[in-house]
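Presented below is the structure to which this report refers.
The values are calculated or read from the model by the stated rules, or taken from the named source; none is laboratory data. Source: prediction; values computed, not measured. Please note: Cβ atoms are built from the backbone with ideal geometry, for glycine as well, and neighbour counts cover all protein chains shown.
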């Protein structure tokens, strides 16, 4: 009986794994921009506490994951700037690590950013400031950008 319990415990810990093992520290995000409902090409800067990335829309951008939100600013001549905040959320593997793996693995995943994810789609609306969150999946307007 004790051997079965030990085997089950080892299996649970082995299959949950920490985010550092099961996930990458980077994430590819689909960046798009529109103005008054029409797609536009814009120059964008994405940043969090792990770095800064520049890209043109539409594109896929590889960013370093973090527990901090991702800020996106897009610019195009003759069009108001578009602002977007992508909310960082703990990945499922992070919760499994906390529950089954203990605090040390969670601390490592937190520091490396591997325990977090951003929404996969970053739809910037020029002239607006929006927040995208995996929980809601729809961009939420915040206020008009100046």
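Structure summary
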{"read-out": "Residue within the range 20-36 that is modelled with pLDDT of 95 or more, more than 22 Å from residue 134 (Cα to Cα) and surrounded by 18 or more Cβ atoms within 10 Å (Cβ to Cβ) present", "value": "yes"}
{"read-out": "Enumeration of residues in the range 35-44 that are touching a strand residue (DSSP E or B) at 6+ places or on another chain (Cβ under 6 Å) and part of a strand (DSSP E or B)", "value": "35, 43, 44"}
{"read-out": "Positions within the range 128-144 being in a strand (DSSP E or B) and modelled with pLDDT under 75, in sequence order", "value": "140, 141, 142, 143, 144"}
